[in-house]
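The block underneath contains the structure these notes are about, expressed in structure tokens.
Since every read-out is calculated from the coordinates, none of them should be taken as a lab result. These numbers come from a predicted model, not from an experiment. Heads up, the Cβs are rebuilt from the backbone with ideal geometry, glycines too, and the neighbour counts pull from every protein chain shown.
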Amino acid sequence: MKLTKLTGVPAVHATGGHLGRVEDALLDLENCCVAYWRVNLGGRFKAAPVLITASRVAANEEQLTIHMNQSALDAARDRAEAAEGDDADLAQMPAVMAAPFGHGMVPSMVGTWLAGQSRPETELPKGAPDGWVWGRDLRGKPLFSSQGELGRIRDVDIDTGRNALEDIMVSQSGGVTLHVDAESLRHVPKDRSHFVAETRMGATVPSWQPQEVH
């Protein structure tokens, strides 16, 4: 399932109540999984971004279902509304926490992101490992291998059932999209200006499948 398809879908509680909307995913490139989903629990005029661990959600193209105590969500939402970012130790992988406000995205900006327009780099939570990156900071960046630039990262294909990053979709000229194995994407520069896919033994370039976009 493409990350861009999941961005903007409703977030609902396991009991069925509407909670908010998905804004982004915090990707763990080293372990090829989603670490946290960023969900806005606020209304139209007051953002309340929180991070919810991927182990507590079930995602599909229609919605993100959150399996968590409502009181914990309410407490995180209140801290987020008060712009009180949590200083939680990410090494402990808290289930939910108020998100940093440096993300720079509100619901009205989702369309801009999907249209591929430029946006500022975003703040990671304190203590985030080097291999973590926001999905929106991955998209649009060049991907390199030992053979040079492969193209621009277009999207990420996620197996939501296993919470696994499968393919990095890379756009090339002529309407061709390369599907690069997510496990080959290792080097993450601190400025997130580009990304590098390692070359596998016995191959000159990472495994991919070219497809023409019609």
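The distance linking the stretch 21-75 with the stretch 166-190 is 24 Å (Cα centroid to Cα centroid, whole angstrom). Which lysines have a Cα lying under 19 Å from the Cα of Lys2, excluding residues fewer than 8 positions away in the same chain? Straight-distance partners of Lys2: Lys141. Here the spin labels are modelled as points 7 Å beyond Cα on the Cα-Cβ line, and at His187 and Ala75 they lie 4.3 nm apart. Using only alpha carbons, the stretch 153-195 has a radius of gyration to Kirkwood radius ratio (Rg to Rh) of 1.02.
Contour minus end-to-end for Ala164 and Ala82, with contour as 0.36 nm per residue of separation and end-to-end as the Cα-Cα distance?
Working: separation 82, 0.36 × 82 = 29.52 nm, distance 3.32 nm.
Between Ala164 and Ala82, full extension yields 26.2 nm more.
Segment His18..Glu30, full-extension length gain: 1.1 nm, with 0.36 nm per residue of separation and the alpha-carbon distance subtracted.
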